[in-house]
Every structure is written in structure tokens, then in C-alpha cells.
Amino acid sequence: MAVGPDYSLGEPSVHYRRGMAPVDPRILVTTSRMPFAVDEIHKLGETGRFVVATDTFRSAPGNHSRGASKHMVVPAPTQETQAYVDAIAGILDSERINWLLPMFEDVFYLARHRDQLAVGRDVELFFPDFDTLRMVHDKVGFTELCARLGLPVAETITATSPAELRAATGRWDHWFARAAFGRGGLDIATNTGPLAGETDLDDITPTPEDPWLVQEFLAGVDRCSWSVVHHGEVVLHSCYEHPLAIDNRGGVVFRSVDSPQSLETAQRIARELNWHGQLSFDYLMTDDGVHHMVECNPRPTAGCTLATAEEFDTALFDPGELVVVPEGRKKMIRAAVIRDALMHPSRARADLRASRGAKGVYEQRKDHLPLLYSALSLQHVLAYRKQLGINRVKGETLVATQFFDVLYDGSPIP
């Protein structure tokens with residue numbers, strides 16, 4: 001197996017082989033619509049694992065990957081939490097599942113009901129406890145954690161009222177504001193860059209329960225990382241940039257880069273929290289090479305698409321030496337690249353350059369149905385618009401509609 005540069009970080013504080021999975025893992029993957037879920041399902045199938053893929057609608061692309069031995073439909077965790085947890089528990093039993101691998105923010109609902117899933121079952125719940133998840137998901141809590149660990153983060157003001165928000169934005173000539181529990185490039189406001197002016201401050205109402213962070217706008221390059229972590233030890237790591245993003249928000253082309261800073265950060269936080277599961281971060285790299293912390297995604301992200309099936313399988317089930325994905329690997333969401341080129345013909349040539357040499361996430365060798373179902377799954381977007389009475393002309397983004405029924409906004413979970 002190929003390993004990247006020598007990024008040794010010293011002796012582990014907790015040996016990551018503790019409590020390892022059974023020799024023959026039977027895996028339940030949730031929220032299979034996500035591109036990284038499609039990728040991980042494909043990888044697990046490629047290495048011969050038994051995988052049950054689930055989501056809240058039948059056309060979820062990952063459900064139709066050749067990597068999925070079975071696929072099932074479950075209730076929506078955001079709207080039907082207890083029914084969702086009951087359904088997952090039932091699948092654990094009926095399919096003799098011994099590995100639960102969440103792909104998105106449904107992990108919060110699973111973690112909140114961890115006891116129901118764990119008691120009486122020999123199952124690896126590959127995610128941390130609820131309190132740890134919520135702390136890093138909350139941008140206020142995550143920023144405080146980074147400051148405590150001495151990690152670089154932009155100067156931050158927390159606003160809990162519209163007046164505080166206005167006052168905070170007056171501190172800098174160029175500023176960037178985000179909701180504490182916003183996700184997917186949503187719930188942001190700024191006066192600088194391509195998203196400047198898209199959100200009016202008068203439309204934002206921060207509260208003590210739903211605060212906003214205001215930071216100085218930093219110019220630089222967006223970077224992200226993804227890691228597989230066992231009991232505080234990173235065993236597989238990838239850092240990447242996205243040469244092309246949709247609507248200046250979510251990346252659709254991913255290119256691995258060399259970044260010892262991101263690995264050091266991931267390992268420091270993983271050890272501090274004794275993390276167990278997949279762990280992802282967003283950074284803003286300034287011209288001096290400093291990786292300023294932006295947010296934590298306590299789940300997989302597109303970085304997993306840049307690892308090989310062997311690297312991923314080994315990291316989950318038989319981790320040994322640290323593996324770092326080498327620079328230069330490239331993946332893309334092909335349909336999104338084509339969409340961007342068709343909707344913005346002036347950008348077509350740049351889109352082609354950004355995606356040159358990239359392999360598709362939804363279509364892989366002998367596994368093309370997820371690409372077809374990525375188009376068919378747009379019916380889920382229409383269901384979202386209908387449910388909320390949203391009109392296409394109101395500009396609701398594709399990013400928002402893709403996962404309305406698996407989001408967690410920080411509210412108490414019953």
C-alpha cells in the first residue's frame with residue numbers, strides 16, 4: 001500500500017486498535033444520496049464487503065451502487081426521529097449488521113439515541129457521542145476549541161441579536177458572517193467576494209439560542225480535509241482543494257494537495273476529543289501558508305473520494321501505519337460540472353480546465369447506475385419545494401434542497 005510523505009506525529013495517546021471491528025464486517029451506510037456516500041459504498045463493495053445502503057427515498061444514488069448488497073428506505077431523521085432510529089435498529093437486527101457508518105447529519109440523531117442502538121448488540125457505532133458531535137458542529141463551540149488548542153482562527157465576534165450583528169460587522173472593512181449551525185455554504189452573509197450582498201443583514205435575526213459568528217474576511221484558498229480516526233488516532237488522511245465550486249459554495253471538483261498543517265490539526269483535535277469515526281475540516285489558507293480554521297464537519301466529505309478502496313477498507317477494519325493521500329489525485333461530480341457549463345457558457349472553458357484529468361464520483365468502473373439516479377433523485381428536490389411552498393424563482397439553492405430531511409440545526413432532539 002502506498003503511503004504519503006512522512007508525517008509522523010509521535011506515539012499515539014490511545015492505541016487505535018482497541019475495540020476493533022469483527023473480522024467479517026456487515027455494514028449499514030446511511031444517507032446514501034451524498035456523493036461521498038456513493039463513493040464509500042462503491043469502495044466497500046469493491047473490497048467485497050456486505051453493505052446495506054439506506055436513505056429516505058428510493059432513488060438515492062448510493063442505494064443503486066453495485067457496492068450495495070441491499071438497499072432500504074427509512075423515515076426522515078429530521079422530521080421523524082424516533083421512527084428513523086427504530087428503523088435503523090430494526091435493520092441492525094434483521095441484517096445482522098455489526099458496523100454502522102453514518103454519512104451525514106443523521107449521525108446526530110443516531111448519537112442521541114446511541115443506547116437504543118448499542119444495548120444488546122455487538123455493533124461498531126463508528127461515530128462519537130452526541131455531546132462531542134454537537135460541540136464541533138456548533139461554530140461557536142468549535143471556534144472556542146480551536147482557540148484553546150492554539151490553532152489559527154480569524155478574530156471572531158458572536159452576535160446574539162440583530163443589534164450585536166450590526167455592531168460586529170462594523171468592526172472590519174471586510175467581514176464574513178455565518179450562522180452557528182449553518183451548513184453547506186448556506187446561512188452566510190458577507191460584504192466581500194462573490195457572495196457579497198446576497199443576504200441582507202435585516203433578514204437575519206440572531207438569538208442566544210441561534211447565534212451568528214462574525215469574522216474578518218480573509219483572502220486565500222479554501223482547503224478541506226477528511227480523516228478516518230480510531231480512538232483519537234488518525235489512520236487515513238486526505239487534504240484537498242476544489243478547483244470548481246457550484247454557485248460559489250459546494251465544490252464539485254476535488255484535487256488532493258500536500259498539507260502537513262491539515263494533518264497536524266486533524267490529529268491534535270482527534271486526540272483532544274478522543275475522536276472515533278470520520279472527521280472533516282474546512283480551512284482558509286492565506287498567502288503565508290497558514291491554515292485558518294473555518295468549521296468542522298463531523299462526518300465524511302469529498303476527501304474520501306481521493307483515497308483508494310484498499311486504503312479506505314484498511315483504515316476502517318485493519319489500520320496500521322498512518323496513510324496520507326498523495327498530492328495530485330482528482331475526482332469530480334460530472335453532472336454538476338456539465339450543469340455549470342450549460343448554465344454559464346462563459347465559464348465552460350474554465351470548467352473544462354478545472355475538471356481535466358478528474359474521474360467521476362457517481363460513475364465508476366462497472367458502477368454507473370448512481371449517475372443515472374443522481375438525475376432521478378431530483379424528484380426529492382421537488383418534494384422539498386412542495387413541502388415548504390418554495391417557488392423556483394425565489395432562488396432556493398440546490399445545496400439546500402438536497403438534504404432538508406437529514407439536517408441538524410442544533411435544536412433539542414427528542
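We did not get these values from a lab; they are worked out from the coordinates using the rules stated. Only a predicted model underlies this, so the values are computations on that prediction, with no experimental measurement involved.
Among R171, R223, R255, determine the one that fluctuates most according to a GNM of the chain built with springs between C-alpha atoms less than 10 Å apart. Among R171, R223, R255, the largest GNM mean-square fluctuation belongs to R171.
Calculated from the structure at hand, semi-axes √(5λ) of the Cα gyration tensor in Å is found among [x] 38, 22, 20; [y] 72, 37, 18; [z] 30, 25, 23 as [z].
Rounded to the nearest 500, the 222 nm mean residue ellipticity of the chain from helices alone is -9000 deg cm²/dmol, with -39,500 (n - 2.57) taken per DSSP H run of at least 4 residues.
For the residues H368, H344, H137, a GNM of the chain with alpha-carbon springs under 10 Å puts the largest fluctuation on H344. Among the listed pairs K43/K366; K70/K331; K70/K330, those with a Cα-Cα distance over 18 Å are K70/K331; K70/K330. Mean-square fluctuations from a GNM of the chain, with a 10 angstrom spring cutoff on Cα atoms, peak among E295, E241, E321 at E321. The orientation-averaged projection of the convex hull spanning the C-alpha atoms of region 155-216 amounts to 3.8 square nanometres.
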